[in-house]
Structure formats: C-alpha cells, structure tokens
Amino acid sequence: SGSRDEAGEDLLEVLVRFLDGEKDPRCLLLAFVSIERAVGLLRGKGGRELDLAVVRNAAALADVLSCYFPLSFSPPKDAAKAVTREDLLEALFSCYCSTPSLFPHLIQLLEDRFPSPKSETKVEGLRLLGYFLEKFAGDLRADYEEHDEKKQELEALVDQAWDLLRAQISQRQDTASTVADASCDV
C-alpha cells in the first residue's frame, strides 16, 4: 500500500516538474494530457491511498497549472499541423477538471485573475468554472457532506465563487451603463 502511494506521488511530482516552466506548445499539450490521465487513473482505479496522493499533490499541481492561465499563445501562421490555442486551453481545462481536490485552488485562481482588464480572461475563467462544476458538483456535495468542517469549507468556497460571479455581472452592467450614458451625452 505504501509503495503504491509513493509511486502515485512520485508520478505526479515528475509530471508537475515536467510541466513547470515549459513553453513549447507540443510539450505543454503532452504534459497537460499526461497529467489529466494520470490523475484520472490514480483517482479512479488506484484505490483510496492513490486518491490521497492526488489530494496531497493538489496544491503543487494547481501552482504549476496557474502559470498557464490565462493562456497567452498564438500558433505560428505557417505551421500546418500546429497546436492551436484552443487545443492547449481544452487540455489545461481538463487538467483543472481532473480532480475535485482542485476546487479551492480554482476559486483562488479565478479570484486572482478576474481583476484582469481582459474580457477573454474572464470569459475563459467562467468557462473553466462551468466545466468544473458540471463535472464535480455532485462529487463535491457528496464529499463535503460527510464531514461538518468540509461542509463549512464548501459553503465558504461556494460563497466565494458566487461573490466572484456577482462582481463580474455587476461590473458588466456598470460598463454597459457607462457606455449607454456616454452615448446619450453626444
């Protein structure tokens, strides 16, 4: 049991190191896909001890993934079979959506990135949150309802997510009002 647990942790550590600082889009795509698959296998078929290895490595995984969001990549115009920005973005989203253990880190990522003036960052952040909740809402609820402290943690995270969403909605409405007011002044 201990050696399986250590092997799972070692695998995740190697994959995180492989991804850390990588800039080549082909290597990034391979790393994102490898991490998503490894986490899925460790969670799904590895048993309780390997699932705990994923939980213990969630912060390190989130730290390295956060470096790639928002994704700033434009493929070369002349590359026929180049990796696209959407390929990378979908693979990154799949990494974030590989385990419910990343939920607190995802909320923190969105809180850190939403102040960006780029609307693309906000739209992609909301898209990522939607994918995550679509995949794990039931798991989060089931996991967190087993323990009172986890239930309180989930409630706090949901409140934090709602506050982020509400701020984005009210900011959009304020921007629309400002534009409408400015057009009336002409």
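The values are calculated or read from the model by the stated rules, or taken from the named source; none is laboratory data. From a predicted model like this one, the values you see are computed outputs, not experimental measurements. As a convention, Cβ positions derive from the backbone with ideal geometry for all residues, glycine included, and neighbour counts pool all protein chains shown. For accessibility, only protein heavy atoms count, side chains too; no ligands or nucleic acids. Shrake-Rupley method; radii C 1.70, N 1.55, O 1.52, S 1.80 Å.
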statement: Selection from region 109-127 of residues acidic (Asp, Glu) and either closer than 16 Å to Cys67 by Cα or within 12 Å of the chain's Cα centre (by Cα) (or both) yields Glu111, Asp112, Glu124
- prompt: Cβ-Cβ below 7 Å, separation at least six or inter-chain, first residue in region 67-79 and over 20 Å from Gly125 (Cβ atoms), second small (Gly, Ala, Ser) and assigned to a loop (DSSP other than H, G, I, E, B): which pairs?
  reply: Pro75/Ala82; Pro76/Ala82
query: In region 12-24, what residues are surrounded by 14 or more Cβ atoms within 10 Å (Cβ to Cβ) and either touching a Phe, Trp or Tyr at 6+ places or on another chain (Cβ under 6 Å) or without any contact (Cβ under 8 Å) to a residue 24 or more places away in the chain (or both)?
result: Leu15, Phe18, Glu22
query: Do we have Asp139 as at pLDDT below 95, open to solvent by 20 Å² or more (accessible area, probe 1.4 Å) and part of a helix (DSSP H, G or I) here?
result: yes
field: Output for region 64-85, where each listed residue is modelled with pLDDT under 95 and part of a helix (DSSP H, G or I)
entry: Arg85
message: Out of everything in region 25-35 that is out of contact with any Asp or Glu (no Cβ under 7 Å at 6 or more places or on another chain) and either open to solvent by 40 Å² or more (accessible area, probe 1.4 Å) or modelled with pLDDT of 95 or more (or both), what residue ends up being farthest from Ala82 (Cα to Cα)?
response: Ile35
- prompt: Hey, among Leu52, Leu15, which residue is more than 17 Å from the chain's Cα centre (by Cα), in a helix (DSSP H, G or I) and more than 24 Å from Arg113 (Cα to Cα)?
  reply: Leu52
